[in-house]
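J.: Submitted below is the structure of interest, expressed as structure tokens.
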Amino acid sequence: MTTTAITHISALVTNDPSLGDASPLGLIQDAAVVIEGDRVVWTGESSKAPATDNAVDAGGRAVIPGFVDSHSHLVFAGDRTQEFNARMSGRPYSAGGIRTTVAATRAATDEELSANVARYLAEALRQGTTTFETKSGYGLTVEDEARALRVAARHTDEVTFLGAHIVSPDYADDPAGYVDLVTGPMLDACAPHARWVDVFCERGAFDGDQARAILTAGRARGLHPRVHANQLGHGPGVQLAVELDAASADHCTHLTDADVDALAHSATVATLLPGAEFSTRAPWPDARRLLDAGATVALSTDCNPGSSFTSSLPFCIALAVRDMGMTPDEALWSATAGGAAALRRDDVGRLTPGARADLVVLDAPSHVHLAYRPGVPLVHQVWRAGERVAAPYGG
Ligand SMILES: [Zn+2]
């Protein structure tokens, strides 16, 4: 098999603390990466790199693992510009806005939905995201949820059943009946197409008992739990996520000391989604508090048409550093290795032998520039599974 070396890397983030400077990022100066097929086979100092068939000169740029976006909602149709515009003019966000997208999504064809997913994934890829999770949740009928998952599965292996996004408008007077639908016929139709089961555990959506019933039913069908938890206020979501060994509790904006402690002593990742707080003018989640307690923190976009319409992890990194108490190193780790942990993956989010060769060449000498130069398009090249897939800015 052909081997390719990427050489003349000013600073390489491996996310292997046994390498380089022995920090969590495993930072190697003047580094090279060797790729064979779709895998990384060697990382280290340039001067020690083995001979390869091909070489690509990174030109003294930094290289990081491809971003792992562990939380997005990309199977949708329609537009909510007016809602955003109204909110920015003073109206608070409520979960009810999802109904607008549900109506548009139900009316769209499979091909329209798939084209939308492809468009936003291409957008994310240009910004360095090489692994992404996405969800259903804008269908809310048996057939519309199942087809959302079928559409998502055309584009990624990380597919999440979120029939419990909100109570379907069709069941407005019978939320218990909707939970029965989600845990019964809808789960039967959806389980074959998904890896994960998720629930929006929040006042106005699903309470703790309903969420437990939905996640437990999903788990009995082989789906692993993840939870939208504690976004809009305090509630049972985080404790439930930990109790059920969910891979991730997502949002974590309003946490008690007991919630922080539970996350710190579990394998459940706290996934923070600052695009949502940005786009709803809500208080930021306190990443510093979680990190100081010992919790594992991931950063993700929550890309969706209502509350966080960004596909940019560099933007989320800049917000996390500016407003959530994260260091640039921590934010980079959380958007790569942290996202991988939130998907219980060990083949992505790191650049060490055996990992999938997913990497980003930054038009900067250091990953710190992602926060230092907010809003600047710094992605020079993107490689996924050993193939160079994007050279968006002249790379
Ligand atoms: Zn979400």
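The values are calculated or read from the model by the stated rules, or taken from the named source; none is laboratory data. The structure presented is a predicted model; accordingly, all values stated were derived computationally and were not measured. FYI the Cβ positions are ideal-geometry reconstructions off the backbone, even for glycines, and counts take in every protein chain you see.
J.: Determine, yes or no, whether Thr253 is within 13 Å of the ligand (Cβ to nearest atom), in the same structural domain as Thr134 (by TED's automatic domain parsing) and surrounded by fewer than 24 Cβ atoms within 10 Å (Cβ to Cβ).
T.: Against the criterion (within 13 Å of the ligand (Cβ to nearest atom), in the same structural domain as Thr134 (by TED's automatic domain parsing) and surrounded by fewer than 24 Cβ atoms within 10 Å (Cβ to Cβ)), Thr253 qualifies.
J.: Does any residue in the stretch 304-319 that is over 20 Å from Leu162 (Cβ atoms) and at pLDDT 95 or above come within less than 7 Å, Cβ to Cβ, of a residue that is in a loop (DSSP other than H, G, I, E, B) and within 16 Å of the ligand (Cβ to nearest atom) six or more places away or on a different chain, and which pairs are these?
T.: If the second residue must be in a loop (DSSP other than H, G, I, E, B) and within 16 Å of the ligand (Cβ to nearest atom), the pairs left are Ser312/Thr301; Leu313/Thr301; Cys316/Thr301.
J.: Where the second residue is small (Gly, Ala, Ser) and within 16 Å of the ligand (Cβ to nearest atom) and the first is without any contact (Cβ under 8 Å) to a residue 60 or more places away in the chain and outside the structural domain of Pro365 (by TED's automatic domain parsing) and lies in the stretch 64-82, which pairs have Cβ atoms under 7 Å and are six or more apart or on separate chains?
T.: Final answer for the pair search is none.
J.: Now for a separate question. Exactly one condition in (1) surrounded by 21 or more Cβ atoms within 10 Å (Cβ to Cβ); (2) in contact with a helix residue (DSSP H, G or I) (Cβ under 6 Å, 6 or more places away or on another chain); (3) among the basic types (Lys, Arg) is not met by Arg221; state its number.
T.: (1)
J.: Go through the residues of the stretch 296-318 one by one and say whether even a single one is out of contact with any His (no Cβ under 8 Å at 6 or more places or on another chain) and more than 24 Å from Glu158 (Cα to Cα).
T.: Yes, because at least one residue in the stretch 296-318 is out of contact with any His (no Cβ under 8 Å at 6 or more places or on another chain) and more than 24 Å from Glu158 (Cα to Cα).
J.: Then there is this: One residue is enough: does the stretch 267-284 have a residue meeting the conditions crowded, with 22+ Cβ neighbours inside 10 Å, part of a loop (DSSP other than H, G, I, E, B) and within 12 Å of the ligand (Cβ to nearest atom)?
T.: Looking through the stretch 267-284, at least one residue is crowded, with 22+ Cβ neighbours inside 10 Å, part of a loop (DSSP other than H, G, I, E, B) and within 12 Å of the ligand (Cβ to nearest atom).
J.: May I ask you to say which residue of Leu25, Leu113 is among the hydrophobic types (A, V, I, L, M, F, W, C), away from the ligand (no atom under 16 Å from the Cβ) and in contact (Cβ under 8 Å) with a residue 40 or more places away in the chain?
T.: Just one listed residue meets the conditions, Leu25.
Residue by residue, here is whether (1) more than 17 Å from Ser136 (Cα to Cα); (2) over 16 Å from the mean Cα position of the chain (by Cα); (3) at pLDDT 95 or above holds:
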| site | (1), (2), (3) |
| --- | --- |
| Val197 | no, no, yes |
| Cys201 | no, yes, yes |
| Ala211 | no, yes, yes |
| Leu215 | no, yes, yes |
| Gly218 | no, yes, yes |
| Gln239 | yes, yes, yes |
| Glu243 | yes, yes, yes |
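J.: Taking the condition buried (at least 24 other Cβ atoms within 10 Å of the Cβ) and aliphatic (A, V, I, L, M), does Ala293 pass? Lay out the reasoning, then the answer.
T.: On the way: buried (at least 24 other Cβ atoms within 10 Å of the Cβ): no; aliphatic (A, V, I, L, M): yes.
Judged against the criteria, Ala293 is not a match.
J.: Considering only the stretch 1-83, give the strands (runs of 3 or more DSSP E) lying wholly within it that have at least 1 residues that are among the acidic types (Asp, Glu).
T.: The qualifying strands (runs of 3 or more DSSP E) are 28-36, 39-45, 54-65, 67-69.
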